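Undergrad: Quick one: the structure is below, and I'll ask about it shortly.
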Amino acid sequence: MMRGAVLGLWVSLALCCCVLGWAGGVEGQDTAGVQTEVRQAGPVEHGREGEEERVEVMMDDPGMEVEEIKPKKKKSIEEVEAARAKKAAEKEAKAKKQKAPKAPKATKAPKAPKPTKKPKATKAPKKPKATKAPKATKTPKATKAPKATKTPKDTKVPKVTKSKATKASKTSAWKEEGVKPVTRRPSLEEEEEKLLIELGWDRLITPVTPKDPREPGQVDRRPSGPTPPSTGSKTLTEHEQDYWDAKMDRERTTTEVIMYVPEETTVPPMPWYEEYDYADLAAKKLEEEAEKARKEKEEKVERLRKKWEEEEEERLRQIPVHAEPKKCPPLGLESHRVNDDQLLASSQSHHGFSAQRGRLNMQSSGDEEGVYGGAWCAEPEEKNHWFEVDARREVEFTGVIVQGRNSDTAEDFVSTFYVSFSNDSRDWTVLHDGYAEWLFYGNVDRDSPVMVQFDWPTVARYIRILPQSWNGSLCLRVEVMACQLTSRFRSENEVNPTDNLDFRHHNYKDMRQMMKVINEECPNITRIYNIGKSSSGLKMYAMEISDNPGEHETGEPEFRYTAGLHGNEVLGRELLLLLMQFMCKEYNDDNPRVRRLVEGVRIHLVPSLNPDAYELAYEMGSEMGNWGLGHWTEEGYDIFQNFPDLNSVLWGAEDRGWVPRIVPNHHIPLPENFLDGSVALETKAIINWMERTPFVLGANFQGGEKVVAYPFDMQRPPKATGTLGSWRGSRPGVDHEMNEETWARMQRQNGDALRETSDNTMFRWLAMSYAHSHLTMTETQRGSCHTDDISGGQGIINRASWKPVVGSMNDFSYLHTNCFELSVFLGCDKFPHESELPLEWENNREALLSFIEQVHRGIKGIVRDMEGKPLANATISVDGVKHDVKTAAAGDYWRLLNPGEYRVTARTDGHMPQTRLCIVGYDSGATPCSFTLAKSNWDRIKQIMALHGKRPIRLVTKAPPQAGSDISGGSVGSVDVAKTGASGGTGGTSANSHNAERLRRLRLMRLRKLHQQRLRNNLSTTTTVATTTTTAAPTTMAALETESTTSWYDSWFPVESSYTEPTPAEVLTETQESEPTQDYTFEYKFDDY
């Protein structure tokens, strides 16, 4: 019944609306804030759509008002109510418009669009049971023809306010359904809706705002404006039966009215216009602008940060990062491979401190203001200082080594500096560490080298060091570390060794292992032994190379090479290890030259005589040890100068005329208690090794210069020479002590006479044999390492005229043994880099072999007795050379001599001396010159001399007979003499004294004559057959017989045979009548025998 009543009411209302519409021509008015969307069930023909007038208003702002069309006639009550609702909707739309700036917040961020979800709010709103009127429209009559929904042509369409989102949603929905929107006049249902609004039934529908955004293409069914609430209304839910009935009724209608629900979820209790505070809009706008500026600033900072990170990454990609700095060998400033014209500087304090003096470990001449300074020193008034090195081609620079000035007084060094590079010497680039110019720290003292390495190599041709701060004066010594770039073109000076040898530095353990390996490869020609121990207990190993190792073969000379006297001079050590490898390898390969050396010479090689100091220098490494580090032993001794001073002993004996009668000119014994004094353990071991091995020739290797030095190493002191020169012919009290001016004048007049040995020509030849066989030692046009050329272009020098030393190994070897020894200075760099070892081996290989071959130069032989037994310690003297040698234990000897003819004499105790003429030719090999000595009666003579107190044997002379005496019988004369002596002693005493005086005069005259004869003829020996028998002679012939019987003794002992205990008068007479030895001061030639 209720449903029928409602339907009837709806029908009546519909009819009334139709009558009113047709009669009054009421125009459709827009309900305030409500948007109506008409969706037809079927497609609409385009022709029909074209006949209808459609006006659609599209606006961006959903809150903007639409122009209102006022009715032409007087408004009714219903129209007034509609106007009020419209006004309320306009106010609400205006409020929304004022809140428009907050709209982006709701739509920003990725959460705003959710196209994949459909909000529940798009469903049709629930209606109360009392509003089931739409079912009445489902009757066939009401929904049959679409004509019932047509709008007359003269009916205008109300203007509708639409949001962008709504339009977009409808447009996409229309595209999906394929239906275009149609705007027409209000239908009966719209009229019914009007009536519902007028009656207040529209309040039954509660507006609900969906929380989720609409899906694209979804039709929004919410009203655009709020609907005034009505009390007592009831909202239908989907669980109620009337809800689904109403839903089915709506689906069966031809047109569907969709009302948009406002965004507010709940209706505020207060009026809508009281919610908004318009005074806060300006503050909110300022906050929004500040927030926007802050965000822009943050975005700008972020962009700058990203840009900086990209630039940093690009910079790091361009800079090659090395896990470890590249290590390169030195360019060659210290070794002088870099020439003087490759060094340049901004200025110099004076010519003694030029750029050429700026080499690492450069030594000064000792004179602070001399022409040879100990570093490069800049002019202090200059502002820009630099030191430049030209590599002459592009290389990879990896670091530099700096050092202060070599001086005894000044403490000058560079503390900080920059480094710059160039390829044309005009445009320079300072080394950069990625953030700023790289400032390097230099020295803290003047002697210790400091190495600075670059993190990455720099390829350039020129390098400059730019000092920034320094101590004292700006002085610098430099070495540059650089690697040569690989090239397919070989350099003219490049040397590639062909020998497959181990070119590296060997410490003590490596050296011992190397020698062991060589011994295992060549056991038949090598032997390892040690000559002693160092102060720290390390053994001084030696290797013997011979065809019969371990034994001295008769007639085979002994040769030695020694190195490592100074631990920091390591090139000689490595050269000897290379020589061991080379001779073993070449001997196994049947090299004829090496085989000839091995079979003809007993070679001894000692690579390290100071192993303790070498370990210290090796630990510091190449280029990092200063000039003195490792030079001395652990106890502080310089081994080369730690030998006894035998030069002073020899020269003192020569000054007194004791040579060779009292002091020999060879094999001078050691001074008493020398070995108990301040002597290194290494020195004692070397002396014992020299004494037990009959060396003939040897050389010791040193460093710091490139020259061969020969003895004497000590210069004759002025005191000894001054005594000789002022003893005779000087006035009393004047010139008894020679002053410096006189000594300098005498030194200029006599030249090298005070420094030369008796074998000076032989020493010069030996030195030249090494220097001229060396590939670069005679290239002296560049000068020496620290000064101008000291060798006169020959590569050799007398050590006493260069740097005299006392107690040297060379002088000791010459005066205490048979060995002729020289010092070979191998190069300016004491500790060269191991990359330079192949080049140094090539430079020295031929010289090493050639010097060994010089041991066969001169004469050699064996001294035997008549029975063929060898005579050891026999003396071999050469006419004109005041230096003798002795035979070895097997009777063999070797005497180094230059080509020529020599009178050679061999003598020994108990045998008669023998003299031979020996000729030394220019052919290789020593000239054989052996001796066979006969025994003499010297032993019997010495026994007789010992019985008489070493006095000459003389016959007792008788007094002349007087008149009447018997001269036939000796007994009578004896009796007479006895009687005469008993009775008249005065006459006999006077006659005896007269005869004795006469005999003394005769002896002095004869001594003087013999002495002058020896000086004129330079006789070396005098052989006289002595007669030991004596016969009685007449008294008148007693003096002559006495003279003849003592001639043999006088000839051999001229001083002792003259008198036994001379009186002061005899001493005065001998001094006045004989020529003293002091007359021969500078050209002193006194025959040894």
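Undergrad: Rounded if a/c is under 1.5, else prolate if a/b beats b/c, else oblate: with a ≥ b ≥ c from the C-alpha gyration tensor eigenvalues square-rooted, which is the range 882-924?
TA: It is prolate, given that a/c is not under 1.5 and a/b is the larger ratio.
Undergrad: Here's a follow-up. Largest first, what is the accessible-area ranking of Ser924, Ser608 with a 1.4 Å probe?
TA: Of Ser924, Ser608, the descending order of accessible area is Ser924, Ser608.
Undergrad: Now for a separate question. What's the carbon and sulfur percent of the range 595-672's accessible surface, probe 1.4 angstrom, rounded to a whole number?
TA: Exposed carbon and sulfur together represent 52 percent of the surface.
Undergrad: Assuming 0.36 nm per residue, please report the length gained on full extension of the stretch Asn524 to Ser850 beyond their Cα-Cα distance.
TA: Using 0.36 nm per residue and subtracting the Cα-Cα distance, I get 115.0 nm.
Undergrad: Two-decimal Rg/Rh of the range 347-419 from alpha-carbon positions, Kirkwood Rh?
TA: Value, to two decimals: 0.98.
Undergrad: Could you tell me how far the Cα centroid of the range 822-894 sits from the Cα centroid of the range 760-800, in Å?
TA: For the range 760-800 versus the range 822-894, the Cα centre distance is 19 Å.
Undergrad: Identify the chymotrypsin sites (Phe, Trp or Tyr not before Pro) of the range 890-945 meeting these criteria: DSSP loop state and at most 10 other C-beta atoms within 10 Å of the C-beta.
TA: Of the chymotrypsin sites (Phe, Trp or Tyr not before Pro), the ones in loops of the range 890-945 whose Cβ has at most 10 other Cβ atoms within 10 Å are Tyr922.
Undergrad: 5 Å is the cut-off here: which amide hydrogens, built 1.01 Å from N in the peptide plane, fall below it relative to Asp829, excluding neighbours closer than 5 in sequence?
TA: Those qualifying (amide H under 5 Å, at least 5 residues apart or on another chain) are Gly704.
Undergrad: Using the heavy atoms of the protein chains alone and a 1.4 angstrom probe, what is the accessible area of the range 582-655 per residue in square angstrom?
TA: Roughly 36 Å² per residue, with all protein chains present.
The values are calculated or read from the model by the stated rules, or taken from the named source; none is laboratory data. Just so it is clear, the structure is predicted and the values come from calculations on it, not from any experiment. With ideal geometry, Cβ positions are generated from the backbone for all residues, glycine too; neighbour counts draw on all protein chains shown. For the accessible areas, the whole protein counts, side chains as well, though only heavy atoms, and no ligand, DNA or RNA atoms are used. Shrake-Rupley method; radii C 1.70, N 1.55, O 1.52, S 1.80 Å.
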